[in-house]
Amino acid sequence: MKIGFNEGCNRFCENHSVLEDLDLCEKYGFDYIDIQSECLDREIAAGKYTIDDLAAWFADPAHKLRMLSYNALIFFNMKQTQEEKDAVMAKLDQIIADCNKLQCKMIVIVPSMDLPVHATIDEIREDAVAVLKKMVKKVEPHGIKLSLEFCGAPGMSINRFEDAYAIVEAVGSPLVGITLDQYHFHAMASSWDALEKADGKKIFVWHLNGMENMPCGAAYNNDEKRLWPGEQGDCLDHKRYADTLKKIGFEGDVCTMEVFRPDYYKLSNEENIKKAAEVTRAHVEKYW
């Protein structure tokens, strides 16, 4: 099992830089990085570097770190106007171009939140399937996969594993799978039975984290309640996640640390990445 770093861990650390993250992730032994679009967009706009600078880093044969995913194209579904729908596809075109430069073969897709209409689960599913099928036509020539990340919050339009999995099955493309984030799975009480019956080959990305023992669906149960896995107060059953993924045939061969905890943002970029590497490596050695 290889290890990955998601920039959710350090995106608000002082003087954050994606370009610096590449060097530090390689220094501390990560195999992969999930680059956060939030970091990328704000830092390119600030002139810290360009996409071509990052592309040159990945193109250098001296570097072994690879980009696992572009994280993410957000709020892709349930758009109410043609203008909104066109904007999503234009954003996908731009991300595909960036991924081609960065040698990245995975785009994480995040559902919309706080919908302006009272859509049913069936309506949300139908819309998501239609949009993802259009997206597949765009990514297929480039060999890029789409990984749908259900988000465990009441306001998210796709917030449970079983709903996301049904969408992926309905799309029926080998290029469309699921991002399984342990926090999101627990936060809205996704079904273990559904996960245990799933095809592990349809899980493309595994986000590793712990979390405080908060009520499922509580408004205050948000990303800030994430912890390093195994830290004091962590309530997640890590053995069960690992054992289930093994049983169902997860082939991703990477677990990526993703936490969004304000206390961790007080660390320097290097301290944050070093800690994440230590915790991720220890987790893999214990459970995988």
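For (1) of a type in the set (Asp, Glu); (2) within 20 Å of the chain's Cα centre (by Cα); (3) over 19 Å from ASP34 (Cβ atoms), each residue gets a yes or a no:
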residue	(1), (2), (3)
ASN221	no, yes, yes
TRP228	no, yes, no
GLN232	no, no, yes
GLY249	no, yes, yes
CYS255	no, yes, no
ASP263	yes, no, yes
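Every condition in (1) part of a loop (DSSP other than H, G, I, E, B); (2) crowded, with 16+ Cβ neighbours inside 10 Å; (3) among the aromatic types (Phe, Trp, Tyr) is met by TYR241 except one, and the failing one is (1).
Sort through VAL136, VAL131, VAL117 and tell me the only one that's over 19 Å from GLY252 (Cβ atoms), at pLDDT 95 or above and either open to solvent by 40 Å² or more (accessible area, probe 1.4 Å) or basic (Lys, Arg) (or both). Break it down stepwise before answering.
On the way: VAL136 fails: either open to solvent by 40 Å² or more (accessible area, probe 1.4 Å) or basic (Lys, Arg) (or both); VAL131 fails: either open to solvent by 40 Å² or more (accessible area, probe 1.4 Å) or basic (Lys, Arg) (or both).
Matching residue, one of VAL136, VAL131, VAL117: VAL117.
Inside the range 244-288, can you point out the residues that are assigned to a loop (DSSP other than H, G, I, E, B) and among the hydrophobic types (A, V, I, L, M, F, W, C)? Result: PHE250, VAL259, PHE260, LEU267, TRP288. Look at GLY155 and say whether it is surrounded by fewer than 21 Cβ atoms within 10 Å (Cβ to Cβ), out of contact with any helix residue (DSSP H, G or I) (no Cβ under 7 Å at 6 or more places or on another chain), under 19 Å from GLU123 (Cβ atoms) and not basic (Lys, Arg). Taking the combined requirement at face value, the residue satisfies it.
The values are calculated or read from the model by the stated rules, or taken from the named source; none is laboratory data. Nothing here was measured: the structure is a model prediction, and the numbers come from that model. No Cβ is skipped: glycine too gets one built from the backbone with ideal geometry, and neighbour counts run over all protein chains shown. Calculation scope for accessible area: heavy atoms of the full protein, side chains included, ligands and nucleic acids excluded. Shrake-Rupley method; radii C 1.70, N 1.55, O 1.52, S 1.80 Å.
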